[in-house]
1. So for region 1-159, Kirkwood radius off the Cα pairs, Stokes-Einstein at 37 °C and 0.692 mPa s: how many µm² s⁻¹?
2. Of VAL180, GLN235, TRP225, which is farthest towards the positive pole of the chain's charge dipole, taken about the Cα centre with +1 and -1 on the beta-carbons of Lys, Arg and Asp, Glu respectively?
3. Suppose a student asked you for the relative contact order of the chain, using Cα pairs under 8 Å spaced at least 6 residues apart; what percent would you report?
4. Amide H neighbours of ALA48 under 5 Å, at least 5 residues apart or on other chains, H built in the peptide plane: list them.
5. Place +1 on the Cβ of every Lys and Arg and -1 on the Cβ of every Asp and Glu in the chain, take the dipole about the Cα centre, and give the residue among LEU95, THR212, ALA132 whose Cα lies farthest towards its positive end.
6. Quick one: compute the contact order of region 210-309, relative version, from alpha carbon pairs under 8 angstrom and 6+ residues apart, as a percent.
7. How do ASP10, ASP163 stack up against each other in accessible area, from largest to smallest, with a 1.4 angstrom probe?
8. Suppose every K and R has +1 on its Cβ and every D and E has -1 on its Cβ; what is the size of the dipole of region 80-156 about the Cα centre, in Debye to the nearest 20?
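The values are calculated or read from the model by the stated rules, or taken from the named source; none is laboratory data. Owing to the predicted nature of the structure, the values given are computational and were not obtained by experimental measurement. Cβ placement follows ideal geometry from the backbone for every residue including glycine, while neighbour counts extend to all protein chains displayed. When the accessible area is computed, the model is the full protein with side chains, heavy atoms only, and any ligands, DNA or RNA have been set aside. Shrake-Rupley method; radii C 1.70, N 1.55, O 1.52, S 1.80 Å.
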Amino acid sequence: MPIAYLHHPDCLLHNMGTGHPERASRINAIEDQMKASQLMEFARYYEAPLATRQQLARVHDVKYIDNILTFNGEQGDTYLDPDTMLMAKTPQAALRAAGAAIHATDLVLTKKHDVAFCNIRPPGHHALRDQAMGFCFFNNVAVGVAHAIEEYGLSRVAILDFDVHHGNGTEAIFTDEPRVMLCSTFQHPFYPCSGADTVSDHIINVPLLAGTSGEKFREAVTTYWLPALDKFAPQMIFISAGFDAHKDDGMSLLRLRDEDYAWVTQEALAVADKYAEGRIVSTLEGGYKLHALGRSVAAHLKVLMRMDG
Ligand SMILES: [Zn+2]
């Protein structure tokens with residue numbers, strides 16, 4: 001079965017200014033690499049719909065949602081934090097990104113596909129219930145997870161987040177939600193400086209020091225994530241797929257390689273096969289060095305497409 005590949009051209013319209021690392025060329029670099037690696041023939045394309053206000057309101061405050069959605073640019077570009085700028089096209093792009101996570105969840109839970117990948121921006125995992133931050137407006141992965149729980153009645157959903165930054169928004173949204181297990185690795189101390197002190201049986205945070213190699217990353221996942229996932233037995237897996245821990249990505253000081261992303265994806269797939277009927281929805285988060293991003297996503301997708309081994 002091919003995987004579902006979700007995207008929408010509106011995701012390219014959000015533009016936080018020349019030189020901003022979170023830029024439309026990231027999405028294009030991924031598509032270019034998918035084409036160059038002949039991965040498109042193992043993927044079926046779906047245009048991402050717009051998320052609805054009701055779907056967003058499962059994880060965001062209504063007032064916050066309306067503040068974003070009513071923004072039309074007449075007020076001029078508006079910084080919601082020093083790195084996160086709201087411009088005229090942002091609401092459209094953000095609604096498509098969250099809508100991709102919704103539709104991907106539907107495709108997987110109605111058995112049209114086992115696996116879906118959302119090539120989307122803006123990313124989501126720093127977005128809080130009522131606040132944009134760290135390039136993120138709506139928490140795409142959280143919107144998808146809440147949809148799986150509310151619409152399909154799932155009671156155990158796991159999120160695996162290997163972005164180099166701690167997904168503070170996702171953690172905050174699900175901190176009191178035992179139906180969601182969040183497994184995360186992130187450079188620490190580093191932006192947003194959260195996560196290292198969390199004590200929770202369903203939030204498995206593994207801070208990694210600057211300079212951490214792929215080998216140590218694998219050790220951390222094996223030691224902390226996998227036993228927790230075995231105990232939790234998730235019915236579905238979401239991946240907050242950030243690729244900014246790559247050794248070539250200037251955003252961070254972790255030293256992961258393309259093959260480490262293939263490895264962690266293989267581990268995710270093994271858990272999905274064991275407990276979750278192979279169901280995985282992966283949504284793009286960070287990753288800013290275009291060549292490394294394209295190659296790492298290709299490595300991730302080859303495993304999800306079961307092309308390796
Ligand atoms: Zn990141």
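1. My calculation gives 205 µm²/s for D.
2. GLN235
3. 20 percent
4. HIS7, HIS8
5. Farthest towards the positive end: LEU95.
6. 34 percent
7. Reading off the accessible areas and sorting them downward yields ASP10, ASP163.
8. I would put it at about 200 debye.
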